[in-house]
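Step one of this worksheet: look at the structure below.
The values are calculated or read from the model by the stated rules, or taken from the named source; none is laboratory data. Just so you know, these numbers come straight off a predicted model, no measurement behind them. FYI the Cβ positions are ideal-geometry reconstructions off the backbone, even for glycines, and counts take in every protein chain you see. Note: areas computed on protein heavy atoms with side chains; ligands, DNA, RNA excluded. Shrake-Rupley method; radii C 1.70, N 1.55, O 1.52, S 1.80 Å.
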Amino acid sequence: MGQGAAAGTPPFAAETAVELVGVGKSFGPVTAVRELSLAIRRGEVLTLLGPSGCGKTTLLNMIAGFEEPSAGRILIDGRDVTEVPPYLRDTGMVFQSYALFPHMDVFENVAFGLRMRKLPKAKIAAEVMRALEMVKLGGLERRRVRQLSGGQQQRVALARAIVLRPKVLLLDEPLSALDKNLRAQMQVELKELHERTRLTTLFVTHDQGEALSLSDRIVVMSRGEIQQIAAPIELYRHPANSFVASFIGEINRLPPARCRLSGGEIVFSLAGIELTAARRDDLALGDGQQVHLFVRPEHLAVAAEAAGGRNRIACRVVTHVYQGTHTLTRVEAGALGVLQLRVPGGAVIERAPPGSEIGVEINLDEAVALPD
Amino acid sequence: MSPRLAARLGSGLFWAAVALILAYMTIPALVVLMTSLSPSELLEFPPSGLSLKWYARAVSYPDFQAAFANGLIVTAFASTCALAVGSAFAYLIDRYVFPGRAALEAVLSSPLIVPHFTTGFGFLLLGAGLGIGRSYLLVILAHVMLVLPFVIRSVYVSLRNLDPHLERAAANLGASPWRVLSRVTLPLLLPGMAGGWLVAAILSLTEFTASLYVTAERTQTLPVAMYTYIREYTDPTIAAIAALLILGTTALIFVANRYLGLRRILSIDAH
C-alpha cells in the first residue's frame, strides 16, 4: 500500500487495519468523543474500555458507519471511508443484543451477508457450515433463533460476522447479556476464535476483567477522551493517571505524600507517617515533589507483629470477604483511611476477626506514584 | 366463616360476575342468532321452533347478494389503500421528527372522534360537489378514512416493536437500504400489516352509519341493504343475514388471532 502520500492523505502503514485521524463527535452541544487519533494494528484485539457514556460505543458506531463523525477521517485498509455508507464498509459487527433476524433460521442468519454478496449457493452453504463449526453450532443450522439459548445466539451473531472475513470485527459489549459462568466460557472461546481467524478486532466493554483477559492492547476512555493506550500488563502495572489506576483492578489510593530522596531510597511522608521504597527507574521523582501513592490490595500483607519494621502500620479489621482462593480484607488504617488487602486463602478470617488489631505491611515495590 | 370458605365464596362471586358480564356482552348477538332459527313468519323471541329456511332465503335474496358483492369490492379497495397510506404514515411518524408531527398524529386519529354520521354526510356533500355522486369511489374514499387510524396504529406498533439494531445489522452485513427494507423491515412488519388490513376489512364490511349516506342503491353495502330490508319486511331473514355477518366476522377474528397474533399486533410488547 502506501499510495496515500501522493494523494495528500497521511501515509498509511501496511500493518494498520483501521486508522482514526482527529475523529470527534458531538450531539448538539454535547461532546461524545473529543477529537482523537488511533490506529488498530492488523490482526490485533484492541479494546475500548471505559464506563458507560465515555464515548466508546459512539466510536464503534462511527467506524461501522452508523454515526457520522463531526470531525476527522476514518480509514479502513488505507481507504478513506468517512463518507462511505455502512453497507459498503466491510466491517463485521456483533451487537450487544445480538440483533439476529427473528424471521430466519440459524443458517439464513449466517448466510445473509454472503447472499448480499451474491455468492453461488454451494459456496454459501460451505462457508456457513464452516463458520457454524467454528463457533461449535454444527447441527443447529435449521433452528429458529428464538429457540436458542443466550450463549447460542451469541455464537450465531459471531458466526454471521466472521463468515464474511470482515476487515475489522466490531464487538459491542458482546458478553454483557450472558450470565457469569457463560461469560467466562465465551471469553475463552473468543480468544480461541481469534487465534484461528486472526481477524483485526475492536472490542468495546466496560468490564475491565474482560478487557484484561482478551486484549492485545487496551484503550482506556473517559468522558470522550483517551486516558491511556497500553498492553494489559503495562496498564495494570503503570497506569498513566489516577482514573486509569482506579478503573483497572482494585487499588488503594493513599493520601497526598511528599517525597524525599535518601540514598537508594525514596521516603514518602504522608498523614504523619513515613513509607519508604527502593529507588526505581519508573519512579522518577524529585525531592520535595507532591504525589499520590496507589497500592494494589495484593501488595498489602498482614504482618506478624502489630508495629515496628519497614512500612508497617497498625490497623483494625473491618470486614472479610471470602473469595475462595483469597480473602479481601478491609482494615481501618488510622490517617491512611480504609485499606483493602488481598490475603491468600481464608485463614485470616479466624486469625483476625473483625474488630481485632493487626499490623499491615505496605510493599511499595510495585506501587504507582502519580503527581498530585 | 373459615378463611377457606371465604376464599371459595370470593372466587365463586368472581366467576359469577365474569359470567354476568359475558352474558351481557353476548346477549344481543344471541337473541339475533336464536330469532334467525325461528320457523315463524314474524320476528319473534324466543323462537317457537327450529328452522333454517330464513338462511336459505337470506343467501338467495338478490339485494343481499348484490350488496355483499359491493361490500367486498369496497372493502378490498378501501383496506388495501388504507394499508398503503397508513403504513407510509406510520413509518413517517415512527422514524422522522418533523414540525407538525403531533398535529399529523392528531389528524390521523380524528376519525375515532368525529362521528361516522358527520363523516358520511361530509363525503356525501363532497361527492355531490365533485360530481362523482354516490359512486364506488366515494364509498371507498369514505371507508379509507374511517379505517385509516386502525391500520396506522397496527403498523406503528409493529414498527415500535422492531429492534432498530436489526436494520443496522443488515446494513453492516452488506445490505443496501432497499434490501434492508425488503429483506428485514418489511418481512418483520408483515404480521402487523396483515393484522391492520384485516381489522380494516372487518370494520369496512360492517360499517353502516357513514355508508348510509355515501351509498346509492347500486353501490349499497350489506349493512345498508339490511337496513333497507328491515324497513319493509318483518320476517327473520334479517336475523339470518345478521347472524351470518356475526359468524363471518368472528371467524375472521379467530383466524387473525390464531395466525397473526392480534394481541401482539395491537399492543406494544414489553421486551
* Select, from B:195, B:133, the only residue that is in contact (Cβ under 8 Å) with a residue 12 or more places away in the chain, away from chain A (no Cβ under 14 Å) and under 14 Å from the mean Cα position of the chain (by Cα). => B:195
* **Failed condition for residue A:94, given (1) within 14 Å of chain B (Cβ to nearest Cβ); (2) without any contact (Cβ under 8 Å) to a residue 60 or more places away in the chain** => (2)
* Asked: Scanning for something within 32 Å of the chain's Cα centre (by Cα), in a loop (DSSP other than H, G, I, E, B) and not assigned by TED's automatic domain parsing to the domain that holds residue A:206, does segment A:270-280 turn up at least one residue?
  -> yes
* Test: residue in segment B:223-236 that is farther than 20 Å from residue B:66 by Cβ and not hydroxyl-bearing (Ser, Thr, Tyr) -> yes
* Asked: Say we look at segment B:158-212 and pick out the residues that are hydroxyl-bearing (Ser, Thr, Tyr) and part of a helix (DSSP H, G or I); which of these is surrounded by the fewest Cβ atoms within 10 Å (Cβ to Cβ)?
  -> B:182
* Test result for residue B:173, within 11 Å of chain A (Cβ to nearest Cβ), more than 23 Å from the chain's Cα centre (by Cα) and at pLDDT 95 or above -> yes
* Residue by residue through segment A:166-196, note down the ones that are closer than 19 Å to residue A:132 by Cα and touching a residue at least 60 places away in the same chain (Cβ under 8 Å). => A:166, A:169, A:170, A:171, A:174, A:194, A:196
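Conditions (1) under 22 Å from residue A:245 (Cα atoms); (2) surrounded by fewer than 16 Cβ atoms within 10 Å (Cβ to Cβ), marked per residue:
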{"residue": "A:275", "(1), (2)": "yes, no"}
{"residue": "A:280", "(1), (2)": "yes, yes"}
{"residue": "A:290", "(1), (2)": "yes, yes"}
{"residue": "A:348", "(1), (2)": "no, no"}
{"residue": "A:357", "(1), (2)": "no, yes"}
* Residue selected from segment A:58-70 under the condition open to solvent by less than 30 Å² (accessible area, probe 1.4 Å) and more than 16 Å from residue A:47 (Cα to Cα), by the criterion farthest from the other protein chains (Cβ to nearest Cβ) -> A:69
* Yes or no: residue A:209 touching a residue at least 24 places away in the same chain (Cβ under 8 Å) and closer than 30 Å to residue A:58 by Cα? -> no
* To do: Give segment A:74-91 a look and list any residue that's open to solvent by 60 Å² or more (accessible area, probe 1.4 Å), within 14 Å of chain B (Cβ to nearest Cβ) and farther than 30 Å from residue A:151 by Cβ, or say none.
  => A:88
* First in segment A:276-299 and under 17 Å from residue A:336 (Cβ atoms), second anywhere and assigned to a helix (DSSP H, G or I) and open to solvent by 60 Å² or more (accessible area, probe 1.4 Å), Cβ under 8 Å, 6 or more apart -> A:294/A:246
* Asked: In segment B:183-226, how many residues are in contact with a helix residue (DSSP H, G or I) (Cβ under 7 Å, 6 or more places away or on another chain) and farther than 30 Å from residue B:161 by Cβ?
  -> 16
* To do: Find the helices (runs of 4 or more DSSP H) located wholly in segment A:165-241 whose residues include 1 or more that are at pLDDT 90 or above and open to solvent by 70 Å² or more (accessible area, probe 1.4 Å), and list them.
  => A:180-197, A:232-237
* Structure fact -> Filtering segment A:161-202 down to residues that are hydrophobic (A, V, I, L, M, F, W, C), within 14 Å of chain B (Cβ to nearest Cβ) and within 18 Å of the chain's Cα centre (by Cα) yields A:168, A:169, A:170, A:171, A:177, A:202
* Out of (1) under 30 Å from residue B:132 (Cα atoms); (2) among the hydroxyl-bearing types (Ser, Thr, Tyr); (3) at pLDDT below 90, what's the single condition that is false for residue B:154? -> (1)
* Structure fact -> The one condition residue A:117 fails out of (1) within 12 Å of chain B (Cβ to nearest Cβ); (2) open to solvent by less than 50 Å² (accessible area, probe 1.4 Å); (3) out of contact with any strand residue (DSSP E or B) (no Cβ under 6 Å at 6 or more places or on another chain) is (2)
* Asked: What do you reckon, is residue A:304 in the same structural domain as residue A:361 (by TED's automatic domain parsing) and modelled with pLDDT under 90?
  -> yes
* Asked: Quick one: would you say residue A:366 is of a type outside the set (S, T, N, Q), in a strand (DSSP E or B) and under 19 Å from residue A:250 (Cβ atoms)?
  -> no
* Structure fact -> If you go through A:330, A:316, the only one that is in contact (Cβ under 8 Å) with a residue 40 or more places away in the chain, open to solvent by 40 Å² or more (accessible area, probe 1.4 Å), part of a strand (DSSP E or B) and touching a strand residue (DSSP E or B) at 6+ places or on another chain (Cβ under 9 Å) is A:316
